Amino acid sequence: MTDRQSTLEEDRPLMPALVRGWQCRCPSCGAGPMLRGYLTVRESCPVCGEDLHHHRADDGPAYLTILIVGHIMAPLILWGFVEYRPDPMVLATIFTIGTVALSLFLLPRLKGAMVALQWAKRMHGFGHAA
């Protein structure tokens, strides 16, 4: 059996890891918190000891957040303007608050999911034995 085949056979389950990452939990055990603070990934899981410092999330969660928020808010702004014709300051205020709130909600969850994806696919050092 080649090294590539053994790596493919040992793949970690992706969907449970992504769900745990979305919940900002350890992708391995699902019990320990992945984040320390708002966006800082812990060095390791306090429950199972899984090393989490290998992650390379970088700007990916921010780009995904911008993409998702933009695709949700742009049609809503158009619909709200066409349907109700509010004062421009009212429209700007409502959608500014909505955009900021949705961004703050999504950003840590998308970071957790991205770290979990890297863990499940054994990327960036997650596949090496301790």
Worksheet item: Based on what the data block shows, is Val100 among the β-branched types (Val, Ile, Thr), assigned to a helix (DSSP H, G or I) and open to solvent by less than 70 Å² (accessible area, probe 1.4 Å)?
Response: no
Item to complete: Could you please tell me which pairs satisfy a Cβ distance under 8 Å, a separation of 6+ or placement on different chains, a first residue in the stretch 21-35 that is over 11 Å from Glu50 (Cα atoms) and assigned to a loop (DSSP other than H, G, I, E, B), and a second residue that is open to solvent by 40 Å² or more (accessible area, probe 1.4 Å) and hydrophobic (A, V, I, L, M, F, W, C)?
Response: Ala31/Val47; Ala31/Cys48
Worksheet item: Scanning the stretch 1-36 for residues that are open to solvent by 80 Å² or more (accessible area, probe 1.4 Å) and among the charged types (D, E, K, R), which turns out modelled with the lowest pLDDT?
Response: Glu9
Worksheet item: Out of all the residues in the stretch 37-69, which are buried (at least 17 other Cβ atoms within 10 Å of the Cβ), out of contact with any strand residue (DSSP E or B) (no Cβ under 9 Å at 6 or more places or on another chain) and more than 20 Å from Leu14 (Cα to Cα)?
Response: Thr65, Val69
Item to complete: With the condition kept exactly as written, say whether any residue in the stretch 50-67 is part of a strand (DSSP E or B), modelled with pLDDT of 95 or more and farther than 17 Å from Gln118 by Cβ.
Response: no
Fill in: Enumeration of residues in the stretch 81-95 that are surrounded by 12 or more Cβ atoms within 10 Å (Cβ to Cβ) and part of a loop (DSSP other than H, G, I, E, B)
Pro86
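Kindly evaluate Ala17 against the criterion of being within 12 Å of the chain's Cα centre (by Cα) and in a helix (DSSP H, G or I). Reasoning before the result, please.
Numbers: within 12 Å of the chain's Cα centre (by Cα): yes; in a helix (DSSP H, G or I): yes.
Considered against the rule, which asks whether it is within 12 Å of the chain's Cα centre (by Cα) and in a helix (DSSP H, G or I), Ala17 comes out as yes.
The values are calculated or read from the model by the stated rules, or taken from the named source; none is laboratory data. Note that the coordinates shown come from a computational prediction; the quantities given were computed from them, not determined experimentally. Because the Cβ atoms are built from the backbone with ideal geometry, glycine has one as well, and the counts that use them run over all protein chains shown. In case anyone asks, the SASA skips ligands and DNA or RNA and just uses the protein heavy atoms, side chains included. Shrake-Rupley method; radii C 1.70, N 1.55, O 1.52, S 1.80 Å.
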